[in-house]
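Q: Below are the structure tokens for one structure; questions will follow.
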């Protein structure tokens, strides 16, 4: 009996030497403006984490208070419009269009500029993603922005319940969206502020020939009218938004499972000149959140 116990113990020790636990975890939470208290959602995150941020615009007083003395990178054209003092203006040929913060362990990102209009009038989404590897990539983007470096970066993290690819856009994000549309089997929904990229439009037209159900909403005051005319002419269900302010989302929802979200409008300038980021999340639960938002603003 003692010998059997010793053999069993030895087997367990040997097995433990070769077992590498999968410790990768991802936690994602989302907030949708004009429907939820996203000011508290973002302010609580910023005030409870030692973050550095990159914002296109910044003027919301509650967020400014939460930032305290946090370093904020901002598009140089908007630096003088903010009352916040600890700003580093970023000059580039396009827009420094990010809307993210990171502490190296988590990120806040999405379509939401931390402005009064962004929180209280416009339709936006905000995401908090807890994963150290993704957060480190966003920290690297902070360094690249300071050094005027334009390096495309991406990372994919998979767990049992979710897959997420985070991407810093440099002439690669329109293609990422096209690739996801080409993978569609049943449906594509989209909510887009500015939609002018032909490759993405053609991907939707191709999906229509494959009998994919397509529904979309674009901002009526943006440069999306040509996209609206082209898609509606092909009997694709596309409409202008109903928000008297701005429908500012940049979202694709594919097959009720894949969500593409972030700061990136599908345009040539966004891909080639701006500083932008997207996340591609594969999760039925997360897709349900965004489909509910789609239905709410339709």
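Derivation of every value follows stated rules applied to the coordinates shown; laboratory data play no part. These numbers were taken from a predicted model, which means no experiment stands behind them. We place every Cβ from the backbone using ideal geometry, glycine too, and count neighbours over all the protein chains shown.
Q: Could you work out how far apart the two model spin labels at residue 48 and residue 85 are, taking each label as a point 7 Å from the Cα in the direction of the beta carbon, and quote it in nm?
A: The answer from the label model is 2.8 nm.
Q: Quick one: grab the alpha carbon gyration tensor of the chain, order the square roots of its eigenvalues as a ≥ b ≥ c, and give me rounded if a/c is under 1.5, else prolate or oblate depending on whether a/b is larger than b/c.
A: It comes out oblate by the Cα gyration axes.
Q: Could you tell me how many degrees, from 0 to 90 and to the nearest 10, lie between the Cα long axis of helix 38-47 and the main elongation axis, the longest principal axis, of the Cα atoms of the chain?
A: 50
Q: Return the calculated 222 nm mean residue ellipticity for the chain, to the nearest 500 deg cm²/dmol, obtained by summing -39500 (n - 2.57) across DSSP H runs with n ≥ 4 and dividing by the residue count.
A: On the way: 10 runs with 104 residues, N = 298.
Helix-only estimate at 222 nm: -10500 deg cm²/dmol.
Q: Let me ask something else about it. Treating the angle as unsigned and between 0 and 90°, give the value, to the nearest 10°, between the Cα long axis of helix 284-297 and the longest Cα principal axis of the chain.
A: 20
Q: Pop the C-beta distance of residue 223 and residue 172 into the FRET formula with R0 = 25 Å and round what comes out to the nearest 0.05.
A: On the way: r = 22 Å, r/R0 = 0.87.
The formula returns an efficiency of 0.70 here.
Q: Running a GNM on the chain with Cα contacts under 10 Å, which residue among 118, 104, 94 ends up with the highest mean-square fluctuation?
A: With Cα springs under 10 Å in the chain, the top fluctuation among 118, 104, 94 is at 94.
Q: Hey, what angle do you get for helix 2-18 against the long axis of the chain, alpha-carbon based, 0 to 90 degrees rounded to 10?
A: Tilt relative to the chain: about 30 degrees.
Q: Which shape class applies to segment 163-297: rounded if a/c is under 1.5, otherwise prolate when a/b exceeds b/c and oblate if not, where a ≥ b ≥ c are the square roots of the Cα gyration tensor eigenvalues?
A: rounded
Q: Alpha carbon centre of segment 32-60 versus segment 241-298: separation in Å?
A: Centre-to-centre distance over Cα atoms comes out at 18 Å.
Q: Hey, another quick one. So how far, in whole Å, is the C-alpha centre of segment 166-185 from the one of segment 142-160?
A: Cα centres, segment 166-185 to segment 142-160: 16 Å.
Q: On to the next question. Tell me the relative contact order for segment 185-273 as a rounded percent, counting alpha carbon contacts under 8 Å between residues six or more apart.
A: Rounded, it is 39 percent for segment 185-273.
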